[in-house]
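The values are calculated or read from the model by the stated rules, or taken from the named source; none is laboratory data. Since we're looking at a predicted model, the values are computed, not measured. When we count neighbours, we look across all protein chains shown, and the Cβ atoms used for this are built from the backbone with ideal geometry, even at glycine. Each accessible area value is taken on the protein alone, full model and side chains, heavy atoms only, with ligands, DNA and RNA left out. Shrake-Rupley method; radii C 1.70, N 1.55, O 1.52, S 1.80 Å.
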Amino acid sequence: MTLFANPRRNRGQVVRLGVLVAVLLTVALLLQSVAAAPPGLMAEEPQADLSAGPELLAQANFRPQPASTTVNTGAQFHIALYIDAGSNEVSTADMRLNFDPTYLRLRMAPQPSSIMNVHGALQYDNNAGTIDMGLGKSGTPVTGTIHYATLYFEAKQVVTPSAGTLLTARSVSAYMPGGAALTSSWQNATVHIQTPPTPTVTLTPSITPTPSLTPTPTATPTPKPGSICISVYDDLDGDGIRDEGEPLLAGATVTVKLTDGTVVDQIITDGVTDPYCFDLPPYQLYIIVVDSPPGYEASGPAAAYIYPIPEISIDIDLGQRSVTVTPTPTVPTPTPTVEPTAPALYVPLVLRDHAVTNGQAPRSQSSMNNP
């Protein structure tokens, strides 16, 4: 039996125990200092700024203006379409919309704004109630709030129930330069159609008392005109789109007419003024007609239907391309050659003593036919 332990082994156990106790004391002191430290001295993990995440930076919201409107049956009105892109660049956008053809009718093709000047598709179907638009921006992309296009409707009949009829989207999408798609959304437009109120007939009494005070009538303000600005340019490549470097064209006649043919205004372009702006009374339909100068023809539409809106300017570029007139060659008419007529040979026959004598003697045609 061993009465005393090995002193070397006891010494190693004591050293290990001391190290363990020192580690435990160090951890306890650290925890105590952390718990007692002021909140401002605590280290914090950096927090991500969710407000500037990729979802927000890649957003483009399509919206109508006005989003809600009330009109009478038979009334004509318009809805402007906008894209709120913020700091995102937009080069092209597609919009496919639905409307109820029972209550609404488009009066003309969708009118793109002057900003979106590249037309990929502009179609509508009043029977199906569909609108398809594909527009783009040539040159530098646009940011912020973008006027995309304007729709001109006519209210057909009263909506039942009173919730109104909607202008909804089948799909909307905006694209950045290079074709990267932005996350897009659409806000529905609501149109309330009502029956025009019946005017109240006020009967005039036989004796009208004179009021002590005569109210001063308030003059109805005259609606401010809308501007239609026309630029006629030389479409050098003949593609119907005004490209950078394509100049203005002089000598074209621009005529503004009402739909009944009445001429409202007319100018002849000088190749310098850009654009020509016509201030027109709003809320009626006009026709802009361009007569080409000599040697040119329209490279796109030669006329446009316009519905001015108060205090809003609509810009239109109308292209003209050069045509080469080939003169018709003049074919000389050959002069017929008159052949000389040989003298006639006449052979009279004379019966004399049963002998026949021949001789030449010219005489008239009648003599030949009547010897």
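Around ARG105, which amide H atoms from residues at least 5 apart in sequence, or from another chain, sit under 5 Å from its own amide H, with H modelled in the peptide plane?
GLU154, LYS156
So for ILE287, ILE193, what's the accessible-area order with a 1.4 Å probe, most first?
Working: ILE287 30, ILE193 10 Å².
From most accessible down to least: ILE287, ILE193.
Simple spin-label model, 7 Å along Cα-to-Cβ: LEU258 to ALA75 in nm?
2.2
Give the accessible area for THR259 in Å² (nearest 10); use a 1.4 Å probe, count only protein heavy atoms, and leave out ligands, DNA and RNA.
My reading of the accessible area for THR259 is about 90 Å².
Measuring from label point to label point, each 7 Å out along Cα→Cβ, what is the GLU246 to ALA180 span in nm?
So the two model labels end up 3.1 nm from each other.
Along the stretch 86-102, what does the Karplus equation 6.51 cos²θ - 1.76 cosθ + 1.60 (θ = phi - 60°) give for ³J(HN,Hα), rounded to whole Hz, x for Gly and Pro?
With the stated coefficients, the stretch 86-102 comes to x, 8, 7, 7, 10, 10, 9, 8, 10, 9, 10, 10, 10, 9, 8, x, 5 Hz.
Take the Cα of THR143, step 7 Å along the line toward its Cβ, and report every residue of the stretch 67-99 whose backbone nitrogen sits under 15 Å from that point.
Label zone hits: 84-91.
Taking the mean number of other Cβ atoms within 10 Å as a proxy for protection, how do you rank 100-107, 75-82, 178-185 from highest to lowest?
On the way: 100-107: 16.6, 75-82: 18.4, 178-185: 13.2.
Highest to lowest by the protection proxy: 75-82, 100-107, 178-185.
Work out from phi, with θ = phi - 60° and the Karplus expression 6.51 cos²θ - 1.76 cosθ + 1.60, the ³J(HN,Hα) of each residue of the stretch 270-279, listed in order in whole Hz, and give x for Gly and Pro.
10, x, 10, 5, 8, x, 8, 10, 10, 8
Return the sequence-ordered ³J(HN,Hα) values of the stretch 174-180 in whole Hz as given by the Karplus equation 6.51 cos²θ - 1.76 cosθ + 1.60 applied to θ = phi - 60°, using x for Gly and Pro.
10, 10, 8, x, x, x, 5
Along Cα→Cβ, 7 Å out, is where each label goes; now give me the distance between the ones at ASP279 and GLU311 in nm to one decimal.
Label-label distance for ASP279 and GLU311, simple model: 1.5 nm.
Heads up, I need the accessible area for LYS156: 1.4 angstrom probe, whole protein in place, Å², nearest 10.
100
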